[in-house]
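*Asks:* One structure coming up, written as structure tokens, with questions to follow.
Nothing in this text is a laboratory measurement; each read-out follows from the coordinates by a stated rule. Computed from a predicted model, the values in this text were never measured in an experiment. Cβ placement follows ideal geometry from the backbone for every residue including glycine, while neighbour counts extend to all protein chains displayed.
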Amino acid sequence: MFEVAEQYGRAWSFQKVRRRAGPLLALALGVAPAWAQDSPSAEETAAARSLAHEGIRLADAGLCEEAIDKLARAEKLYHAPVVLGRLGECLVSRGKLVEGTETLRKVLREPLPPNPPAVLLKAHERAQSVLDKAKGRIGALNITVKGPSDAASVVVSVDGDPMNVALLEVDRPSDPGEHLIEARAPGFSSASARVSLAPGARQLVNIELVPDPNAVATAQTSSFAEPPPASASQPPAPATTPPNAPAPDASAPRPETPNRVPAYVAWGVSGALLGAGTVLGIMALDRKGQLEDECSGNVCPESSRDHLDSARGIGTAATLSFIGAAAALGVGTFLYFNASSDSESDGVGDSAGITRAWVGLGSVGVSGAF
């Protein structure tokens, strides 16, 4: 108790020296000692002193489990080698050899100021003594996890605390006693191993992870359920009917194509009559030329009567052919622009509205029922 009070009492008297020597010493050693940092406030120093007094009292009474919390909090508020050394001693006494010896090494690595007080020298001597007795009892666990090809995906914990995977397959300093090692990885069933490590012993721990059948089944189900992503080479999906669009009426009549065959027939007849009229006209002109040779002054002999009658008949036929061609052309044009549907032109359904074209020698016309 006196040691703590003495150290905290001397803390302020050494403050100026520490501020000046700390930065130079830090540059020389490549470390930042505690006194090179910002000084704690008066409230933090007073609270640290109170916690340290209580922690050391509990440690002297053999109650290190309670003392550890007090000493650790005091050290966080204000660094003191005496407090840090007693914290390391309590950790070692509670079986936490790895953490306790590392805490004691912090005390020993801290350089002493010039002309250190006796309390600091005693703290160093005590830390060295406890460290020498404890370090030989530290064991080692060499953990290997088999199964996953990617070691970075493996998650390992020792006694519930996560372990860095960089410590796999190397000796991991560990406290003696019971330990639970757990390992897991994506797609694999988790596995664990419980070991009992003797003081100072080295133990190999092999954990094998096997593929999880449930994870495989889930992955296969997802691959079947999810459609493959559409590639750029695939044609776009056909447009779907909007949800609010009315359904097509099955009873509604489909659009019908007009029947223009009668119009084409009438145009064909018109062409044929035009051709016949042309031929007959040429024949009539030929007959006229013959009569002009036989007749004089529009007076023909009796022997030319047959030629005259023939010329008149051919001329009349040519004239009627031209008239019929013109009429057929008109009828065809009328039928083209007033064509009815296929069913109506075939006589299916009501007979009203049916139109028929007729063509005869020298005559053409349209008849229908309305």
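*Asks:* Which peptide among 285-291, 317-323, 152-158 comes first, and what is the full order, when sorted by highest mean count of other Cβ atoms within 10 Å?
*Replies:* Working: 285-291: 13.6, 317-323: 17.9, 152-158: 15.3.
My ranking of the peptides, most packed first, is 317-323, 152-158, 285-291.
*Asks:* Beyond 18 Å, what percent of the Cα pairs of segment 122-209 remain?
*Replies:* Details: 1814 of 3828 pairs.
In whole percent, the long-distance tail amounts to 47.
*Asks:* Also, quick follow-up: Sorting check: for 64-70, 80-86, which peptide has the highest mean count of neighbouring beta carbons within 10 Å, and how do the rest follow?
*Replies:* In descending order of packing, they fall as 80-86, 64-70.
*Asks:* I've got another one for you. Name the long-range amide H neighbours of ARG172: under 5 Å, sequence gap of 5 or more, or other chain; modelled H, no Pro or chain starts.
*Replies:* The answer is LEU141, ASN142, ILE143.
*Asks:* Spin-label point model (7 Å from Cα, Cβ direction): what's the SER196 to LEU108 distance in nm?
*Replies:* Distance between the two pseudo-spin positions: 3.1 nm.
*Asks:* Separate question: What does the extension gain come out to for ARG137 and ALA118, with contour length at 0.36 nm per residue minus their alpha carbon separation?
*Replies:* Values: separation 19, 0.36 × 19 = 6.84 nm, distance 3.00 nm.
My answer for the length gained is 3.8 nm.
*Asks:* Taking the mean number of other Cβ atoms within 10 Å as a proxy for protection, how do you rank 184-190, 47-53, 140-146 from highest to lowest?
*Replies:* Working: 184-190: 15.9, 47-53: 20.0, 140-146: 18.1.
Descending packing order for the listed peptides: 47-53, 140-146, 184-190.
*Asks:* Provide the per-residue ³J(HN,Hα) series for segment 153-160, in order, calculated from phi with Karplus coefficients 6.51, -1.76, 1.60 and θ = phi - 60°, each as a whole number of Hz, with x at glycine and proline positions.
*Replies:* My calculation for segment 153-160 gives 7, 7, 10, 10, 10, 10, 6, x Hz in order.
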